[in-house]
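Structure record follows, encoded as structure tokens.
The values are calculated or read from the model by the stated rules, or taken from the named source; none is laboratory data. Given the structure is predicted, the values throughout are model-derived calculations rather than measurements. Glycine gets a Cβ as well: all are built from the backbone with ideal geometry, and neighbour counts include every protein chain shown. Heads up: the accessible areas ignore ligands, DNA and RNA and are worked out on the full protein's heavy atoms, side chains in. Shrake-Rupley method; radii C 1.70, N 1.55, O 1.52, S 1.80 Å.
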Amino acid sequence: GIFVATGTVTRSTGKNIASVLSRSLAKDRYTAVLELIINSYDADAHNVWIDYDEKAGSLVLEDDGLGMDEVGIQNFYRMGDSEKKFNPSTPGGRKKIGQFGVAAILLEYLAGSYTLETWKDGQKITVNEEFDETRQGIDPQANISEAPDEKHGTRLSLGDLKFNRPDFSLEKLVGI
């Protein structure tokens, strides 16, 4: 007789999965930036300031939303689901828009590096990450420090933008 064995197949991913996903998830650079702005809306931000410097190849998004604590940072970096499915409304009563948990993945599609700074409940969390071959599969480190209790919000500074900068405009972004 023929012997047939059974076993479990384990799903695994390569260390460059985030890089691969970032390129395949983004429809275009505008959609990717809008996904980041949606996070500001879902954080009850009343304002989002955008500073785009074509020559320097940088894009900074800053909001006056609730900011993130350690749990919020972990949720931001969770791929493939979103806590927004379980908490569909913001503390301010808005219906949350984001639902797929892809904003952090899209950072690599847009930029060669970034700095994320977020303030909430008297603390500031800073995360820096550079995307290059030697860093694939290495999780970014968060640094936590004290901040004024009244300071809240998030600033995302993207550097070494990967898209054709002369073709990108804030006017077109606002028009979407």
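Values computed for the structure shown
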read-out	value
First in the range 27-56 and of a type in the set (S, T, N, Q), second anywhere and in a helix (DSSP H, G or I), Cβ under 9 Å, 6 or more apart	THR31/LEU106; ASN39/PHE76; ASN39/ALA103; ASN47/SER40
The range 108-137, residues that are of a type in the set (Val, Ile, Thr) and more than 17 Å from the chain's Cα centre (by Cα)	THR134
Among the residues listed as LEU107, LEU173, LEU158, the single one being within 27 Å of GLU54 (Cα to Cα), modelled with pLDDT of 90 or more and in a helix (DSSP H, G or I)	LEU107
Candidate set from the range 26-64 (those that are part of a loop (DSSP other than H, G, I, E, B), in contact with a Leu (Cβ under 9 Å, 6 or more places away or on another chain) and crowded, with 16+ Cβ neighbours inside 10 Å); member that is modelled with the lowest pLDDT	ALA26
Among residues of the range 126-155, those that are open to solvent by less than 70 Å² (accessible area, probe 1.4 Å), of a type in the set (A, V, I, L, M, F, W, C) and assigned to a loop (DSSP other than H, G, I, E, B), counted	2
Scan of the range 88-117 for residues that are more than 19 Å from TYR41 (Cβ to Cβ), open to solvent by 30 Å² or more (accessible area, probe 1.4 Å) and either among the hydrophobic types (A, V, I, L, M, F, W, C) or touching an Asp or Glu at 6+ places or on another chain (Cβ under 6 Å) (or both), ordered by number	SER113
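So that you can scan it fast, the table gives a plain yes or no per residue for (1) at pLDDT below 90; (2) more than 30 Å from PRO148 (Cβ to Cβ); (3) open to solvent by 40 Å² or more (accessible area, probe 1.4 Å):
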| site | (1), (2), (3) |
| --- | --- |
| ILE2 | yes, yes, yes |
| THR8 | yes, yes, yes |
| ALA18 | yes, yes, no |
| LEU66 | no, no, yes |
| PHE86 | yes, yes, yes |
